[in-house]
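Structure record follows, encoded as structure tokens.
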Amino acid sequence: MNTAVTVERLEADAPSTDYDPYANEVLDDPYPHYEMLRELGPVFYLTKYKAYGIARHAEIDPVLRDPATFCSSAGVGLANFHTTTPWRKPSIILEVDPPMHARTRKVMGGLLSPASINRMRAMFEREAEELVDRVLAKGRFDAVTDLCEAYPLRVFADAVGIPREGRDKYLLPYGDMVFNAFGPVNERFKACLAKAQDGAIDWIAEVCKRENLTPDGLGMQLYKAADEGLLEPEEAPMLVRTMLSAGLDTTVFTLCNAMLSFSRFPDQWDLVHANPSMSRQALEEVLRYESTFHSFYRTTTREVEVAGVRMPAEQKVCVFIGSANRDPRRWGETADKFDVTRKAAGNLAFGTGIHGCAGQMIARLEGEIVLAALARRVKRIHLEGKPVIHYNNSVRGYTSMPVRVEAA
């Protein structure tokens, strides 16, 4: 694939490149490409997609914190919902801007606040311990299906309150479709959409209905918020669907990236194994080093200048989160080193600002609990074969990861 920088510069004085962030060979190992993008300059132009790109932490952070200038209501994917008809109804939390955003985000934020989700900790810890028992008994297992998918499919889906039947078959294809939609309408997205249309979309719509939710789950609490007038009645099932995608796939891929990182860097696992209480700090380094999200979009609401580059209104801007989290301008000369002793606060793995991932707190809680449970019981994680990447337009994880664990 040719990703050479063209000599010609755009009228806005941004370097241009034919780099394709969605090509399989890029997704196999995006980090050398991110270094190339960062070296192009603070802003560049993606000729293949007619979008500006930003790959440095210093420019991405303020863009994500300025929804008045860089909006989400035009969609967080490549398509501009202001100028083209969306292929689906936009999300009422992710793809809306203030003041509408504040109302739905307040309800969802309260539901997924640290105080609220900490009430789930005991149940999450119990399930994590039982899961570790099972994988230790196996010794050799697929980290993706037996751990990274199995855990959130049980605990998070239970917390939302949806039925258990059908989860394994439909939940992940639905989330895969949602996150693929943040990129272009490529063959990957088309195949994913076709798979989701083969039962997953209808199943999600059915299980998110009030009558199918458990009385004490997070989903039912959204319906109760509608009863209290905090939401419109039709918004409750939409937010249940949003919750399922926001809190499930992010956790699956975060756990995948954790297992791979610790198998590749056993010295770092030794530190966590010796001190399981540092699991939360270690998780933050996983999020920084192997970002869950890799890219998504914002859209300019007016003509604006970023780092000397002028952009017109209604211009798509791709923010490369995975690159920002490896930017040596932010993380120093060891940016490409996995170091669980690092203070990784400020990583952009789940975005930032008012549109930061709604499910990030529960994803972090689940990740911390699983790592702590493993750290107490597992001395070493061995990679037994080449992991199989799960190709997605926006998030990065794995389809299969054969591992062997040694009990402590």
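Filtered by the rule that a residue be open to solvent by 20 Å² or more (accessible area, probe 1.4 Å) and either on the phi > 0 side of the Ramachandran plot or in a strand (DSSP E or B) (or both), region 391-400 gives Thr399, Ser400.
Of the residues contained in region 374-390, one or more are found to be buried (at least 19 other Cβ atoms within 10 Å of the Cβ) and either within 19 Å of Leu248 (Cα to Cα) or under 18 Å from the mean Cα position of the chain (by Cα) (or both). Pairs linking a residue in region 226-254 that is in contact (Cβ under 8 Å) with a residue 24 or more places away in the chain and closer than 26 Å to Leu283 by Cβ to a residue that is assigned to a loop (DSSP other than H, G, I, E, B) and among the aliphatic types (A, V, I, L, M), with Cβ atoms under 6 Å and 6 or more positions apart or on different chains, are Thr242/Ile93; Ala246/Ala358.
With respect to Ala12, is the statement that it is aliphatic (A, V, I, L, M) and at pLDDT 95 or above true? No: the conditions fail for Ala12.
Just one of the listed residues (Phe182, Phe189) is aromatic (Phe, Trp, Tyr) and under 25 Å from Ala258 (Cα atoms), namely Phe182. Considering each residue of region 373-384 in turn, none proves to be within 24 Å of Asn24 (Cβ to Cβ) and basic (Lys, Arg).
So is Thr47 over 19 Å from Val395 (Cβ atoms), open to solvent by 40 Å² or more (accessible area, probe 1.4 Å), over 20 Å from the mean Cα position of the chain (by Cα) and touching a residue at least 24 places away in the same chain (Cβ under 8 Å) or not? Considered against the rule, which asks whether it is over 19 Å from Val395 (Cβ atoms), open to solvent by 40 Å² or more (accessible area, probe 1.4 Å), over 20 Å from the mean Cα position of the chain (by Cα) and touching a residue at least 24 places away in the same chain (Cβ under 8 Å), Thr47 comes out as yes.
Could you go through region 259-272 and let me know if any residue there is at pLDDT below 95 and of a type in the set (Ser, Thr, Tyr). Within region 259-272, none of the residues are at pLDDT below 95 and of a type in the set (Ser, Thr, Tyr).
Scanning region 103-130 for residues that are aliphatic (A, V, I, L, M) and in contact (Cβ under 8 Å) with a residue 12 or more places away in the chain turns up Val107, Met108, Leu111, Leu112, Ile117, Met120, Met123, Ala128. Count of region 341-370 residues, restricted to those that are in a helix (DSSP H, G or I), of a type in the set (A, V, I, L, M, F, W, C), at pLDDT 95 or above and under 14 Å from the mean Cα position of the chain (by Cα), is 0. Counting only residues that are open to solvent by less than 30 Å² (accessible area, probe 1.4 Å) and over 26 Å from Phe81 (Cβ atoms), region 158-171 holds 6 of them. Per this entry, Ala137 is counted among residues that are open to solvent by 70 Å² or more (accessible area, probe 1.4 Å), of a type outside the set (D, E, K, R), without any contact (Cβ under 8 Å) to a residue 40 or more places away in the chain and in a helix (DSSP H, G or I).
Thr242 meets all of the listed conditions (1) open to solvent by less than 10 Å² (accessible area, probe 1.4 Å); (2) modelled with pLDDT under 95; (3) farther than 29 Å from Phe44 by Cα but one, namely (1).
With respect to being closer than 30 Å to Val317 by Cβ and surrounded by fewer than 21 Cβ atoms within 10 Å (Cβ to Cβ), Asn212 falls outside the description. Contact map, region 359-372: residues that are closer than 16 Å to Val272 by Cα paired with residues that are surrounded by fewer than 21 Cβ atoms within 10 Å (Cβ to Cβ), Cβ distance under 7 Å, separation 6+ or inter-chain. Pairs shown: Glu368/Arg280; Ile369/Glu125; Ala372/Pro276. The criterion of at least 3 residues that are of a type in the set (A, V, I, L, M) and open to solvent by 10 Å² or more (accessible area, probe 1.4 Å) is met by none of the strands (runs of 3 or more DSSP E) wholly inside region 270-340.
The values are calculated or read from the model by the stated rules, or taken from the named source; none is laboratory data. Please read all numbers here as calculations on a predicted model, not as lab measurements. Neighbour counts are summed over all protein chains in view; Cβ atoms, including those assigned to glycine, are modelled from backbone coordinates with ideal geometry. Ligands, DNA and RNA are stripped out before the accessible areas are found, and what is left, the full protein with its side chains, is counted by its heavy atoms. Shrake-Rupley method; radii C 1.70, N 1.55, O 1.52, S 1.80 Å.
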